[in-house]
Amino acid sequence: MTSDGGFVHEHDHDHDAVVRRSFERQVGLFSGPGSPFAQRDTGTLAWLEPLTPDMLVLDAACGAAHAAEVVAPHVRQVVGVDLTPALLDLGAARLRERGVGNVLLQEGNAQSLPFVHGSFDLGFCRAALHHMADPQRTVDELVRVITPAGRVVLFDLVSPIPEARDTFDHVHRLIDPSHVRAFTEAELPQLFPDGFELTYGATSTIRMPVDVSLTDQSARDEVLDALRADIAGGEATGFEPAEEDGTITVAFTTTVVHAARS
C-alpha cells in the first residue's frame with residue numbers, strides 16, 4: 001500500500017524497475033563537469049524562488065542531487081528522494097567532496113513518499129514526471145507532505161507541438177526507454193488539485209547536440225533517422241532538429257509551474 005492507504009499496482013513496480021535500470025545506465029550523464037544535468041539551469045534559482053533560510057525542502061525524484069545542491073545554501077535542509085541507488089551514491093559522494101552538509105538523500109518512490117503530512121515548506125519535482133507511471137500520484141504526494149502554507153513546484157519536459165506529442169514520446173523512448181509521456185504546457189498546471197492556485201509559470205527552450213542525450217541503451221540509428229526525416233520536411237518530432245557540419249542539435253522545451261493553497 002502507499003502512504004495514503006492506496007494500493008501500488010504491479011505494473012507500477014514493473015515500470016519502476018525499468019526506470020532504475022535506465023538510470024543506472026545513464027550514470028555517466030550525471031557525472032563530471034560536462035554533465036548536462038550539472039550545466040543546465042540549476043545554477044540559477046529563478047525557477048524555484050522564493051527561498052528562505054528556515055525552509056525544509058523536498059526534492060522528489062532528485063537523481064544525483066544537482067538541484068538539491070544548488071538549493072542547499074539558501075535553506076535549512078533539503079531532503080532528496082530517488083528510486084536509483086546508483087544516482088544517490090553519486091550525488092552523496094559529490095556533496096561530501098564539496099562540503100554540503102544539509103542535504104539528506106534516501107532511496108524512495110516519489111509516488112509514495114515516506115513522510116508524514118505537512119513535513120516540508122516546499123516540495124518540488126524537476127524533470128522527472130515524464131518518467132513516471134502515475135505522475136498525478138506524485139503531485140498528490142507532494143501536496144500531502146507540504147505544510148498548509150507550503151508550495152509545490154513542478155518543472156518538466158513538455159511537448160512543444162501538442163499535435164505531435166505521440167511522435168515526440170516515441171522518439172524520446174528511443175532515446176530513453178524510461179520515458180512514459182510528456183505533458184503539454186497547458187496540461188502541467190492541471191495536475192494541481194482543487195484548492196490550489198497557480199502562482200507562477202514559465203516555459204523555456206534549450207538546444208544541445210542530440211549526442212549529449214544518447215547512451216548505450218538508446219536506439220541511436222532510429223533516433224537519427226527520425227530527426228533527419230523531420231529536418232527534410234517529414235513528420236514533426238517536436239525536437240525541432242537542425243543539422244550543421246554533421247552535428248544534429250535538438251530543442252528541449254520545459255515548463256515550470258508553482259502552486260499554493262488558495
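The values are calculated or read from the model by the stated rules, or taken from the named source; none is laboratory data. Owing to the predicted nature of the structure, the values given are computational and were not obtained by experimental measurement. No Cβ is skipped: glycine too gets one built from the backbone with ideal geometry, and neighbour counts run over all protein chains shown. The area values use the complete protein model at the heavy-atom level, side chains included, leaving out ligands, DNA and RNA. Shrake-Rupley method; radii C 1.70, N 1.55, O 1.52, S 1.80 Å.
Heavy-atom accessible area for residue 44, with the other protein chains in place and a 1.4 Å probe, reaches approximately 50 Å². The three principal axes of the Cα atoms in segment 39-166 give end-to-end lengths of 46, 34, 28 Å, sorted in falling order. Residue by residue, segment 65-70 carries 3J(HN,Hα) couplings of 6, 5, 5, 4, 4, 6 Hz when phi is fed to the Karplus relation 6.51 cos²θ - 1.76 cosθ + 1.60 (θ = phi - 60°); x denotes Gly or Pro. Residue by residue, segment 103-111 carries 3J(HN,Hα) couplings of 10, 9, 10, 8, 6, x, 9, 5, 8 Hz when phi is fed to the Karplus relation 6.51 cos²θ - 1.76 cosθ + 1.60 (θ = phi - 60°); x denotes Gly or Pro. Near residue 199, the amide H atoms lying under 5 Å from its own belong to 258, 259, 260; only residues 5 or more places off or on other chains count, and H is placed 1.01 Å from N.
With a ≥ b ≥ c the root eigenvalues of the C-alpha gyration tensor of segment 107-201, is it rounded (a/c under 1.5), prolate (a/b larger than b/c) or oblate?
Details: a/c = 2.90, a/b = 1.62, b/c = 1.79.
Here segment 107-201 falls in the oblate category.
Residues whose amide H falls under 5 Å from that of residue 105, counting only those 5 or more places apart or on a different chain, are 80, with hydrogens built in the peptide plane. Each label point is 7 Å from the Cα along the Cα-to-Cβ direction; what then is the distance between the points at residue 244 and residue 102, in nm? It is 4.2 nm.
Apply the a/c threshold of 1.5 to the C-alpha gyration tensor of segment 77-116 and tell me whether it is rounded, prolate or oblate. Since a/c reaches 1.5 but b/c is at least a/b, the shape of segment 77-116 is classed as oblate. Taken along its three principal axes, the alpha carbon spread of segment 217-259 comes to 42, 26, 21 Å, from the longest extent down to the shortest.
Simple rule: put +1 on each Lys or Arg Cβ and -1 on each Asp or Glu Cβ in segment 45-106, find the dipole, and look at 57, 93, 77; the Cα lying farthest toward the positive end is 93. Here the Karplus relation 6.51 cos²θ - 1.76 cosθ + 1.60, evaluated at θ = phi - 60°, turns the backbone of segment 226-238 into coupling constants of 5, 5, 5, 5, 4, 4, 7, x, x, 4, 5, 8, x Hz, with x for every Gly and Pro.
Express in nm, to one decimal, how much length is gained between residue 207 and residue 49 on full extension, taking 0.36 nm for each residue of separation and deducting their alpha carbon distance.
On the way: separation 158, 0.36 × 158 = 56.88 nm, distance 2.43 nm.
My answer for the length gained is 54.5 nm.
Suppose R0 equals 30 Å; then what is the FRET efficiency for residue 215 and residue 93 from their Cβ-Cβ distance, rounded to the nearest 0.05? Step by step, r from the Cβ atoms, then E = 0.90. For residue 240, the residues whose modelled amide H falls within less than 5 Å of its own, excluding neighbours fewer than 5 places apart on the same chain, are 251.
Compare 248, 161 by solvent-accessible area with a 1.4 Å probe and give them largest first, with all protein chains kept in place. Walk me through the numbers on the way to the answer.
Values: 248 10, 161 50 Å².
Output order, biggest surface exposure first: 161, 248.
For segment 181-226, the square roots of the Cα gyration tensor eigenvalues, ordered a ≥ b ≥ c, give a/c of at least 1.5 with a/b greater than b/c, which places it in the prolate category.
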